[in-house]
Amino acid sequence: MSKQDELKRAAAEAAYEYVVEDDYIGIGTGSTVDHFIDVLAERRPALRGCVSSSEATTARLKKAGFDVETLNYAGNLPVYVDGADEVNRRLEMIKGGGGALTREKVIASVSRRFVCMVDESKVVDILGHFPLPIEVIEMGRSAIARQLVQLGGAPELREDFKTDNGNPVLDVYNLDLSNATAMEDRLNAIPGVVTVGLFARRPADVLLVAGANGVNTLTR
Ligand code: 5RP
C-alpha cells in the first residue's frame, strides 16, 4: 500500500467510529471512501442499509454484501461519510473530483452529521488550487462557461466524461474562493448549473485528517 493509501485507510478507520448501527448510512464516492467500504466489510456493523452517492459506490457496497437503498426510501440520515478534494479549516470543501457532486450534495443536505476523511495534503488555507467541478446541463455548457470566465474563472470541459446523471462537468480554475459561501451562491444562480462542487453552505461537521502523526479530528 502506498503512503497516501495508508493515510486514507487511517482516516477511514477513524471514520468508522461515527457509524450508527440500526439505521441507514450515507456513503460518498472516491478512493478514500473505497477504503471506508473495506473497513465496513471487515467489521460488519449492523446497518439497516446504505445510501450511495454513485453507481461506483453502489457496485462496491453490493459486492461487499451490503444492502443499498434509495434516499427516497431511507429519508434523512444520521451520518454521511465521504472524502473531499480540498478542505479548509472552516470545514468548507471542494468536492466532485470523481464527478459524484450532485448526489453527494443531496445526501449531505439531509444528513445530520457529515464526516469527511482526508489525508493532510488536502487541507488548505484558501480553497481553489484544486479546480472547482461544476455539473451543468449539456445545452447550456458554453453559455455557462462564458459566465464563469466573466467571474474570473477558467473553465475546462472534463473530457470523455458524463456524471451518473448524464451531465457534463466543467472544471473551473482561478476562481476566487476566499469567500466560499458567496461564490457558491453566485455560481448556483447561473441558469443551467446543476450542482457546484463547493460545499460551503453545507460544510463537513467532522473532519478527520490523516497525517504522519496519526489522525487529527476537527469539528465545527
Ligand atoms: C467525488 C468526490 C470525492 O470525495 C473526492 O474526489 C475525493 O476523492 P478521493 O478520496 O479519491 O481523493 O468528491 O465526487
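The values are calculated or read from the model by the stated rules, or taken from the named source; none is laboratory data. Source: prediction; values computed, not measured. A quick note on method: Cβ atoms are made from the backbone with ideal geometry, for glycine too, and the neighbour counts reach across all protein chains shown. Only protein heavy atoms, including side chains, enter the accessible area calculation; ligands, DNA and RNA are left aside. Shrake-Rupley method; radii C 1.70, N 1.55, O 1.52, S 1.80 Å.
Mind listing whichever residues of the stretch 64-78 are touching a helix residue (DSSP H, G or I) at 6+ places or on another chain (Cβ under 9 Å) and not small (Gly, Ala, Ser)?
Phe66, Asp67, Val68, Leu71, Leu77 - these are the residues of the stretch 64-78 that are touching a helix residue (DSSP H, G or I) at 6+ places or on another chain (Cβ under 9 Å) and not small (Gly, Ala, Ser).
What is the number of the single condition among (1) on the phi < 0 side of the Ramachandran plot; (2) within 16 Å of the ligand (Cβ to nearest atom) that Asn72 does not meet?
(2)
For the condition in a strand (DSSP E or B) and either open to solvent by 20 Å² or more (accessible area, probe 1.4 Å) or closer than 30 Å to Ala14 by Cα (or both), what is the one hit in Leu207, Leu170, Leu177?
Leu207
Would you pick out the residues in the stretch 132-148 that are among the aliphatic types (A, V, I, L, M) and surrounded by fewer than 16 Cβ atoms within 10 Å (Cβ to Cβ)?
Correct list: Ile137, Met139, Ala143.
Being aliphatic (A, V, I, L, M), away from the ligand (no atom under 12 Å from the Cβ), assigned to a loop (DSSP other than H, G, I, E, B) and open to solvent by 10 Å² or more (accessible area, probe 1.4 Å): is that true of Leu91 here?
Criteria not met by Leu91.
So which residues in the stretch 1-52 are small (Gly, Ala, Ser), outside any helix (DSSP H, G or I) and surrounded by fewer than 23 Cβ atoms within 10 Å (Cβ to Cβ)?
If the condition is that a residue be small (Gly, Ala, Ser), outside any helix (DSSP H, G or I) and surrounded by fewer than 23 Cβ atoms within 10 Å (Cβ to Cβ), then Ser2, Ala46, Gly49 are the ones that fit.
May I ask you to list the residues in the stretch 94-113 that are of a type outside the set (D, E, K, R), crowded, with 20+ Cβ neighbours inside 10 Å and either within 11 Å of the ligand (Cβ to nearest atom) or assigned to a loop (DSSP other than H, G, I, E, B) (or both)?
Scanning the stretch 94-113 gives Ile94, Gly96, Gly97, Gly98, Gly99, Ala100, Leu101, Thr102, Ala108.
Checking Pro78 against (1) open to solvent by 70 Å² or more (accessible area, probe 1.4 Å); (2) touching a residue at least 24 places away in the same chain (Cβ under 8 Å); (3) more than 16 Å from the ligand (Cβ to nearest atom); (4) of a type outside the set (Phe, Trp, Tyr), only one condition comes out false. Which one?
Only one criterion in (1) open to solvent by 70 Å² or more (accessible area, probe 1.4 Å); (2) touching a residue at least 24 places away in the same chain (Cβ under 8 Å); (3) more than 16 Å from the ligand (Cβ to nearest atom); (4) of a type outside the set (Phe, Trp, Tyr) is unmet by Pro78, namely (1).
Residue check, Asp125 against (1) open to solvent by 10 Å² or more (accessible area, probe 1.4 Å); (2) more than 9 Å from the ligand (Cβ to nearest atom); (3) under 26 Å from Val20 (Cα atoms); (4) not in a strand (DSSP E or B), all met but one. Which one?
Only one criterion in (1) open to solvent by 10 Å² or more (accessible area, probe 1.4 Å); (2) more than 9 Å from the ligand (Cβ to nearest atom); (3) under 26 Å from Val20 (Cα atoms); (4) not in a strand (DSSP E or B) is unmet by Asp125, namely (3).
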